[in-house]
Amino acid sequence: MRKTLIMEHSKKLDVAKPLALLAECPAYKPSPLETRSFQWRTILIKDETNRMGLGAFKALGGVYAVAKLIEARVGRSLTPSAFLSDPVKDVARSMTFVCASAGNHGMAVAAGAQLFGATARIYLAETVPEEFAVRLRAKGADVVRSGSDYEASVAAAVADAEATGAIHLADGSWPGYTEPPRLVMEGYTVIAEEMRNDLEVSANWPSHVYLQAGVGGLAAGIAYMIRSNWPVQPKITVVEPDAAPCLKESARAGEILTVEGPVSNMGRLDCKTPSMLALDILKRCADDWVTISDQQAQNAVNSAFDLGFSTTPSGAAGLAACLEGDDDLPLVILSEGGVSDA
């Protein structure tokens, strides 16, 4: 099934590149793929709640993208250890990364900037919990509140980059802006490769995979890798808040749409406009598109807790959709640890 994938607007994703960088990172280790029994069936759970000390899958994308953009500024390929050399550090110190964030992407960009010696400036909408602002400042980032929703904070980050010459490092993409978000998505492919390695050993391949989505980077990066190199192909379902079904509606319309809806308790998924690159991939790779309510997401948080995991409505969104079905062997990703969504 769909073994060869072509991205219309950019280069293919190559999991070997982020894996090579991570191989020398002391904070990196594969996150666990757990097996749990729940409601008389077995569920595979990829636990991202402790990823690289940041507690979310986003750590893989933002940190990797910062490294690759520093490498591009240096003008040559770098070994992981070369990033710690004085000439490369001098380049990094001259670079400022800006982005909008609903929380975790900003944390990853801030962590990458701090690690390599660059500066980060993160734009947050007024709806993002202050807890994220505190955590961002602890990573050395400047935090700017801008606008009432994620889309407004994206516009503010774009304007900042245009006015100051800073590097805009978004996880969403649109016409004319693809390479930084492609790098972010390339970092996420590591999750699918880790799962493939575990599943090759267990031979316990899932029948269904549920992938929660905001702008779609996580879902697309994992779906791409599943279709590219998993020997046993599952059904892939994209899961969005019913307040923000931007991927589902855009796929149905055949073009990028901005949807309207109330604020969701799934704050990291409450995005009204999809990433162009993610949509391109998911139109080819996904089998189904579903939405869940805020109450279903909260119920899934409670179910995850019963299973021994601390997460949020955003992190448990895939589990919420999974619990509505009766699949033989579903796989879900708990995409972040238990931080406040209030």
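Every read-out reported here was derived from the displayed coordinates using simple, explicitly stated rules and does not represent laboratory data. Keep in mind that this is a model prediction, so the values were computed, not measured. Using ideal geometry, Cβ is built from the backbone for each residue, glycine included, and neighbour counts are taken over all protein chains shown.
For a protection proxy built on the mean count of beta-carbon atoms within 10 angstrom, sort 57-70, 131-144 highest first, please.
57-70, 131-144
List, in order, the whole-Hz ³J(HN,Hα) value for each residue of segment 72-88 obtained from phi through the Karplus relation with A = 6.51, B = -1.76, C = 1.60 and θ = phi - 60°; use x for Gly and Pro.
Each residue of segment 72-88 in turn: 5, 5, 5, x, 7, 5, 10, 6, x, 5, 5, 5, 8, 6, 4, x, 6 Hz.
Please list the non-local residues whose amide H lies under 5 Å from the amide H of His208, H modeled 1.01 Å from N, same-chain partners needing a gap of 5 or more.
Sorted by chain and number, the residues that satisfy this are Lys235, Leu329, Leu331.
Just need the relative contact order of segment 198-297 here, percent rounded to a whole number, with Cα pairs under 8 Å and 6+ apart.
With pairs under 8 Å counted, the relative contact order is 35 percent.
I need the shape label for segment 200-342. Rule: rounded when a/c is under 1.5, else prolate if a/b > b/c, else oblate, with a, b, c from the alpha carbon gyration tensor.
Taking the square roots of the gyration eigenvalues as a ≥ b ≥ c, segment 200-342 is oblate.
Relative contact order for the chain: what percent, with Cα pairs under 8 Å and sequence separation of 6 or more?
Relative contact order here is 20 percent.
Report the gain in length on full extension from Gln295 to Glu324: 0.36 nm times residue separation, minus Cα-Cα distance, nm rounded to one decimal.
Using 0.36 nm per residue and subtracting the Cα-Cα distance, I get 9.2 nm.
I need to check one value: relative contact order of segment 244-307, counting alpha carbon pairs closer than 8 Å and at least 6 residues apart, in percent.
Reported relative contact order: 33 percent.
What size of dipole, in debye to the nearest 20, comes out for the chain about its Cα centre when the only charges are +1 on Lys and Arg C-beta atoms and -1 on Asp and Glu C-beta atoms?
Around 980 debye, computed over the chain.
Between their Cα atoms, which of Lys12/Lys68; Lys89/Lys139; Lys68/Lys89; Lys68/Lys283; Lys17/Lys58 are more than 21 Å away from each other?
Lys68/Lys283
From the helices alone, meaning DSSP H stretches of at least four residues, give me the mean residue ellipticity at 222 nm for the chain, per-run term -39500 (n - 2.57), in deg cm²/dmol to the nearest 500.
Calculated mean residue ellipticity at 222 nm is -13000 deg cm²/dmol.
Give me the angle, in degrees from 0 to 90, between the Cα long axis of helix 217-229 and the longest principal axis of the Cα atoms of the chain, rounded to the nearest 10.
Its long axis makes an angle of about 70 degrees.
Which order do the peptides 122-130, 242-250 take when ranked by the mean count of other beta-carbon atoms within 10 Å per residue, highest first?
Values: 122-130: 20.1, 242-250: 23.3.
Result, highest mean first: 242-250, 122-130.
Mind putting a number on the dipole of segment 259-342 about its Cα centre? Charges go on the C-beta only, +1 for Lys and Arg and -1 for Asp and Glu, and I need it in Debye to the nearest 20.
Details: 4 positive and 13 negative charges, 70 e Å.
The calculation lands at about 340 debye.
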